Amino acid sequence: MRKKTGLILLVLLTVSILFIRTEMSNADEQVAVVLNGKNIYLSEVDQALDLQGFIGQLHQMNPGFVQVIYQTEAGAELLNEYRKANIESVIMRKLLEEKIEEENITISDERKEEIFNEQVKYILQENNMTEDQLLQNLKMQGIESFDVYKELLFAQNESVLLVAELQNKVIETITVSDDDVQNYYNENQEQFVKEESVEASHILVEKEETAREVLEKLNGGSKFTELAKEYSLDGTAQNGGELGFFTKGRMVKPFEEAAFSMKVGEVSEPVQTEYGYHIILVTDKEEESVISFEESKEQIKNALINQKQVEKLNDYVNDLRESAEIEILL
């Protein structure tokens, strides 16, 4: 589960909107929410909701509209409506922060190293780059080493990471029994039916005359893959016309009907569809079958665990919300 949570977390790290605690005096500020006897000020709400980012997006779409927001009473009311619409997320984050402090949740050095390695691995995979290339990109942004990047990562995302650790603690005891897995398999057999499928390649041309020419060359001993590369008009040409396996309902009707009626190794007559004329080669077939319990059990177990985790987290945050004393003053 930790790995799974880590992957979700990696996305959060790149887009997170954080509470940044500040030591400034709030004495003259408007109180937006009173939560369990503590004030949440308007500036904290705006920071948590990234109100400046929201306004920046509006500015990109309509610079004049942003002036109206800042200079009119109606504009001020619009911003307040935005706060009201999103205030629950601010309250929930504050409740989680209280819980983190109450339970003394921290991130160990070992866990930090694990999170950092996951983050780097994710970036490398998503951008198809090497560590050296990533380091060069970081240096272009003024980050001279991975150590500096690591410090920035945890300094800027501490709140999100601590929430994730709290979530891990809430769900760490969740398990699913073998009986639960077996029962799910038995009661949901329709989910484990593997439909009949066909593996095929094709050569797509514009005119029937060209299709007949291709067919003649095939009958004369030319290789299907080479003719596909030479003649085919769609993107499969570079792969010799390979389409892979497909089930019924995935292809246009005339093509599907022809492919499913053919034998393995058989080449079709020209088949006309809205895209042109196809010469089809069926390379394999798989009959409808039932995926065995042994093949399915790990996937079922993971799905059931995930479902229980989501339910447990929802119950947890709902309980926090219901037991809190909250006064919204917006």
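Observations on the model:
- When each of GLU256, GLU226, GLU269 is tested for being in a helix (DSSP H, G or I), more than 38 Å from the chain's Cα centre (by Cα) and at pLDDT 95 or above, the lone residue that passes is GLU226.
- SER289 touching a residue at least 60 places away in the same chain (Cβ under 8 Å), farther than 30 Å from LEU227 by Cβ, touching a Lys or Arg at 6+ places or on another chain (Cβ under 9 Å) and among the hydroxyl-bearing types (Ser, Thr, Tyr): yes
- Options ASN128, ASN117: the member that is on the phi > 0 side of the Ramachandran plot and either modelled with pLDDT of 90 or more or surrounded by fewer than 16 Cβ atoms within 10 Å (Cβ to Cβ) (or both): ASN128
- Matching residues, the stretch 179-220, being without any contact (Cβ under 8 Å) to a residue 60 or more places away in the chain and within 31 Å of the chain's Cα centre (by Cα): ASP179, ASN183, ASN186, GLU187, ASN188, GLU190, GLN191
- If you go through the stretch 181-217 and pick out every residue that is touching a Leu at 6+ places or on another chain (Cβ under 8 Å) and within 10 Å of ILE279 (Cα to Cα), you end up with 6.
- Here LEU162, LEU135 are screened, and the one residue that is of a type outside the set (Asp, Glu), farther than 30 Å from ASP315 by Cα, at pLDDT 90 or above and not in a loop (DSSP other than H, G, I, E, B) is LEU135.
- Among residues of the stretch 313-330 that are touching a residue at least 40 places away in the same chain (Cβ under 8 Å), those with a beta-carbon under 8 Å from a residue that is part of a loop (DSSP other than H, G, I, E, B) at least six positions away or on a different chain give the pairs ALA324/ASN36; GLU325/ASN36; GLU325/GLY37; ILE326/ASN36; LEU329/GLN30.
- Given (1) farther than 16 Å from THR283 by Cα; (2) loosely packed, with under 13 Cβ neighbours inside 10 Å; (3) of a type outside the set (Asp, Glu), index of the condition GLY265 fails: (1)
- Residues of the stretch 185-223 that are touching a Gly at 6+ places or on another chain (Cβ under 7 Å) and assigned to a loop (DSSP other than H, G, I, E, B): GLU206 alone.
- Exactly one residue out of LEU329, LEU320, LEU233 is in contact with a Leu (Cβ under 7 Å, 6 or more places away or on another chain) and surrounded by fewer than 15 Cβ atoms within 10 Å (Cβ to Cβ): that is LEU233.
- If you filter the stretch 41-54 down to residues that are of a type outside the set (S, T, N, Q) and out of contact with any helix residue (DSSP H, G or I) (no Cβ under 6 Å at 6 or more places or on another chain), you find that the one that is surrounded by the fewest Cβ atoms within 10 Å (Cβ to Cβ) is GLY53.
- Pairs, first in the same structural domain as GLN47 (by TED's automatic domain parsing) in the stretch 144-157, second part of a helix (DSSP H, G or I), C-beta under 6 Å, six or more apart: TYR149/LEU138; LYS150/PHE116; ASN157/LEU13
- Selection within the stretch 238-269 - in contact (Cβ under 8 Å) with a residue 12 or more places away in the chain, within 13 Å of SER201 (Cα to Cα) and touching a helix residue (DSSP H, G or I) at 6+ places or on another chain (Cβ under 7 Å): GLY240, GLY241, GLU242, LEU243, VAL267, SER268
- Meets criteria (among the aromatic types (Phe, Trp, Tyr), surrounded by 16 or more Cβ atoms within 10 Å (Cβ to Cβ), under 30 Å from ALA303 (Cα atoms) and in contact with a strand residue (DSSP E or B) (Cβ under 7 Å, 6 or more places away or on another chain)) for PHE246: yes
- Boolean, VAL181 is surrounded by 13 or more Cβ atoms within 10 Å (Cβ to Cβ), in contact with a helix residue (DSSP H, G or I) (Cβ under 8 Å, 6 or more places away or on another chain) and over 30 Å from GLU230 (Cβ atoms): yes
- First in the stretch 73-89 and more than 23 Å from ALA324 (Cα to Cα), second anywhere and β-branched (Val, Ile, Thr) and modelled with pLDDT under 85, Cβ under 7 Å, 6 or more apart: GLY75/VAL68; GLY75/ILE69; LEU78/ILE69; LEU79/ILE69
The values are calculated or read from the model by the stated rules, or taken from the named source; none is laboratory data. As the structure is a prediction and not an experimental result, all values here were calculated from the model. Backbone-built Cβ (ideal geometry, glycine too); neighbour counts: all protein chains shown.
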